[in-house]
Amino acid sequence: MRQAPDLDTLYGAARPPRAKSGKASGVQAAERNPQNGMVVVHPGRIVLNPILNPELPAQLKNIGDELQAGAVFKWNIARNGQLMLAKSKQPSGEKLGLGHPTLVGGLKEPEARMGGELRFGKPGAKDREPVFYINNDSGRYSEYADRNKAMLANVASRFADLGFPVDTQWVDKSDAALKTQADLRLQKKAAKDRVGS
């Protein structure tokens with residue numbers, strides 16, 4: 001008898017969204033239903049499962065066209081191993097404001113495995129051809145210590161199995177890298193404030 005793959009090994013343990021800056025929850029107020037406190041389900045969420053979603057091949061073609069026009073999509077691996085996707089930025093650059101927790105919404109603190117973005121461009125070397133690629137850039141689900149490059153490669157394999165091959169770009173989510181990113185943001189903000197005053 002064949003054993004089912006271990007989802008924790010493939011995509012990381014299911015965890016609640018990480019809270020930032022001393023907040024009690026990793027869910028933003030705009031991501032909650034004010035009536036019941038549950039995280040909303042992203043209205044544009046797509047389950048990347050051809051059995052559950054027979055329209056998936058056509059949706060993936062449209063997604064490819066939108067990515068090439070400049071859109072950005074978020075992806076998550078749900079607790080049950082389903083791969084979820086939703087647009088986070090329009091080709092015009094307009095951000096849609098609903099984050100990774102809404103891909104697995106419907107609970108107060110929805111758990112997910114690794115998450116990130118799906119983009120079109122040149123990850124890494126500037127001289128390479130643009131490609132579809134995924135990264136692990138989710139502050140709420142990819143900053144846990146058990147996430148690694150092999151897991152991102154496993155997610156890329158899922159996209160390839162659907163006929164949508166992607167490259168990968170690893171974003172360093174270690175504490176040191178995150179502190180450096182935060183310091184750079186503070187330096188840029190201070191410089192911008194000096195220019196504005």
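Just so it is clear, none of the values below were taken in a lab; they were calculated from the coordinates. Everything numeric in this text was worked out from a predicted model, so none of it was measured. Because the Cβ atoms are built from the backbone with ideal geometry, glycine has one as well, and the counts that use them run over all protein chains shown.
Could you go through region 149-156 in sequence order and give the Karplus-derived ³J(HN,Hα) for each residue, using 6.51 cos²θ - 1.76 cosθ + 1.60 with θ = phi - 60°, rounded to whole Hz, and x for Gly and Pro?
4, 5, 5, 5, 5, 5, 5, 4
What ranking do K23, K87 get, fewest neighbouring Cβ atoms within 10 angstrom at the top?
Least to most surrounded, the residues fall as K23, K87.
Would you look at the GNM of the chain, springs on alpha carbons closer than 10 Å, and say which of A19, A125, A78 moves the most?
With Cα springs under 10 Å in the chain, the top fluctuation among A19, A125, A78 is at A125.
Share of antiparallel DSSP beta bridges in the chain, in percent to the nearest 5?
The antiparallel proportion sits near 85 percent.
Within the chain, what's the longest run with no GluC sites (Glu not before Pro) in a DSSP loop and at most 15 other beta-carbon atoms within 10 Å? Give the range, please.
Here the longest segment lacking exposed loop sites spans 112-197.
Which whole-Hz couplings ³J(HN,Hα) result when phi for each residue of region 81-88 is put into the Karplus expression 6.51 cos²θ - 1.76 cosθ + 1.60, θ = phi - 60°, listed in order with x for Gly and Pro?
Calculated HN-Hα couplings, in order: x, 5, 8, 10, 8, 7, 5, 10 Hz.
For T168, what residues show an amide H to amide H distance below 5 Å, using hydrogens built from the backbone and excluding near sequence neighbours?
I134
Between [x] 26, 22, 19; [y] 29, 22, 16; [z] 25, 18, 17, which entry matches semi-axes √(5λ) of the Cα gyration tensor in Å as derived from the coordinates of this structure?
Structure-derived value, by its label: [x].
Once phi is turned into θ = phi - 60°, what whole-Hz ³J(HN,Hα) does the Karplus curve with 6.51, -1.76 and 1.60 give for every residue of region 127-141, x standing for Gly and Pro?
After applying 6.51 cos²θ - 1.76 cosθ + 1.60, I find 8, 7, 6, x, 9, 6, 8, 10, 10, 9, 7, 10, x, 9, 10 Hz.
Sort F159, F164 so that the residue with the fewest other Cβ atoms within 10 Å of its own Cβ comes first and the one with the most comes last.
F164, F159
Hey, in the GNM for the chain with a 10 angstrom Cα cutoff, which one of G97, G81, G105 fluctuates hardest?
Result for the chain, Cα springs under 10 Å: G97 fluctuates most.
What 222 nm value per residue comes from the helices of the chain, counting each DSSP H run with n ≥ 4 as -39,500 (n - 2.57) and dividing by all residues, nearest 500 deg cm²/dmol?
Result for the chain, helices only: -8500 deg cm²/dmol.
Of P123, A112, G22, which is farthest along the charge dipole of the chain in the positive direction, counting Lys and Arg as +1 and Asp and Glu as -1 at C-beta?
Result: G22, furthest along the dipole toward the positive end.
Have a look at R113, R128, R140 and tell me which one the Gaussian network model of the chain (Cα, springs below 10 Å) gives the largest fluctuation.
R128
Assigning unit charges at the beta carbon (Lys, Arg +1; Asp, Glu -1) and nothing else, what dipole magnitude in debye, to the nearest 20, does the chain show about its Cα centre?
Rounded to the nearest 20 debye, it is 600 debye.
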